[in-house]
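Read the figures in this text as sums done on the coordinates, not as results from a lab. Computed from a predicted model, the values in this text were never measured in an experiment. Here the Cβ positions follow ideal geometry from the backbone for every residue, glycine too, while neighbour counts run over all protein chains shown.
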Amino acid sequence: MKEVIERFDLYRLSFPLVRPYALSFTTVESLDVLWVRAELESGSVGWGESAPLPGYNEGAIGVVWDFGCKLAKAWVGKSASRALELAACEKGDRFLTTAVETAVEEAAKIIPCQSGVIPIVGLIQGEEAEDLGEEIDRRRKQGFVRYKAKLGGRDVGTDIKRVVAIQCALEAGEMVRFDANQGLDMEAARRLLEECDPAKVEFFEQPLPTTSLEEMGILADEFPITLLLDESVTGRDIIRGIGEMGKRFAIKLKWMKQSGWNGLKDSTQIAESFGMSVVLGNGVATYLNNWHECQFWASMLKNFNLSGEMNGFLKLDRIPADCGLIFESGAIKLSSVRELVVPERHLLDAEHFSV
């Protein structure tokens, strides 16, 4: 890692989604992303991505772009090891640093290259309870056995009907994850958890705001459903604090939030030390970030035997055949190609900065 960083190229892109992605706090119609290419003096190349989501992280794409350009100018000419030391000192929103940091990690060969098969969750997006059985059947035919549906942002009575309908449609061996993205209050969370069968509901994700960690601990005591914490997981100290609570919690990690391989590895080890399961994957990302998350899952998480959520690339309007990820039978097939292939055509109309 003593090699000097010779060049950075930053690209600002927008990817339309094949279908609007409804969350409790917003509806996503396109992904605005920063891609970064780092090149070392040996010619080794790495890529990184940040896909900020206002309401989930602090900075929008303009802020992420400006900060990325600032980092690139500060790090070019430095060794890869020194750049990553500087990255570890950055505080606050990791979406600001993750693209540049990941590009350096990959160029420096820190990110291993694995082949394998990663099972992922199938997204259930229907609003009407009577349509959910057909949607689950379509996903089942695609090979999924784990599903995920969003809650919150609508009348709780409607969500109760959806929760019941989804569970009724599941077959033996199938389970669902419900994700509220902080969109519930305590009363609504209790009403929905009362309808959840622990034999069918694998996780109930982030029912309350990040400021309500103690209240989520109360819910974990009241109901036999594991609560999966996502937005609450903002750093390693937070994970340690969650573990010390000793509740029925699991931890949701994303490459962008933990800012790369090293951050993810440390966060995973802390969660494991408290006996907490780890779910990995970003549904609001392109194939570039999802490829990195697949590499981490194949190297560090396959023993958890939990389906990944790195399915953002499947939401894109067009999935390039040469993106390095192949979806088949409810899983991603990962080849051990050393360098991630980024189709040049995606960069032609992008805003570009180089240093």
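Tabulated values for the structure
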read-out: Where labels lie 7 Å past Cα in the beta-carbon direction, separation of residue 168 and residue 351 in nm; value: 4.9
read-out: Sorted by Cβ neighbour density within 10 Å, fewest at the top, the residues 109, 2; value: 2, 109
read-out: Cα-derived Rg over Rh, computed across the chain with Rh taken as Kirkwood radius; value: 0.96
read-out: Convex hull per residue volume in Å³, alpha carbons only, for segment 112-171; value: 97
read-out: Residues 346, 292, 352, sorted so that the one with the fewest Cβ neighbours within 10 Å comes first; value: 352, 346, 292
read-out: Extension gain, residue 6 back to residue 191 (0.36 nm per residue minus Cα-Cα distance, nm); value: 61.0 nm
read-out: Integer Hz, Karplus 6.51/-1.76/1.60 couplings in order for segment 107-112, x for Gly and Pro; value: 4, 7, 6, 6, 7, x
read-out: Neighbour-count order for 345, 12, fewest beta carbons within 10 angstrom listed first; value: 345, 12
read-out: Flagged links, alpha-carbon separation over 30 Å, of 109/247; 70/254; 2/257; 257/333; value: 109/247
read-out: Inter-label distance for residue 22 and residue 90, nm, one decimal - labels placed 7 Å from Cα along Cα-to-Cβ; value: 3.5
read-out: The chain: calculated mean residue ellipticity at 222 nm from DSSP helix runs of at least 4, using -39500 (n - 2.57); value: -9500 deg cm²/dmol
read-out: Potential lengthening between residue 266 and residue 115 on full extension [0.36 nm per residue; Cα-Cα distance subtracted]; value: 52.1 nm
read-out: Total charge dipole magnitude, the chain, about the Cα centre, Cβ charges on Lys, Arg, Asp, Glu only, Debye to nearest 20; value: 820
read-out: Phi-based couplings in Hz for segment 77-94 (Karplus 6.51, -1.76, 1.60; Gly and Pro marked x); value: x, 8, 6, 4, 5, 5, 4, 6, 5, 5, 4, 5, 8, 5, 10, x, 5, 6
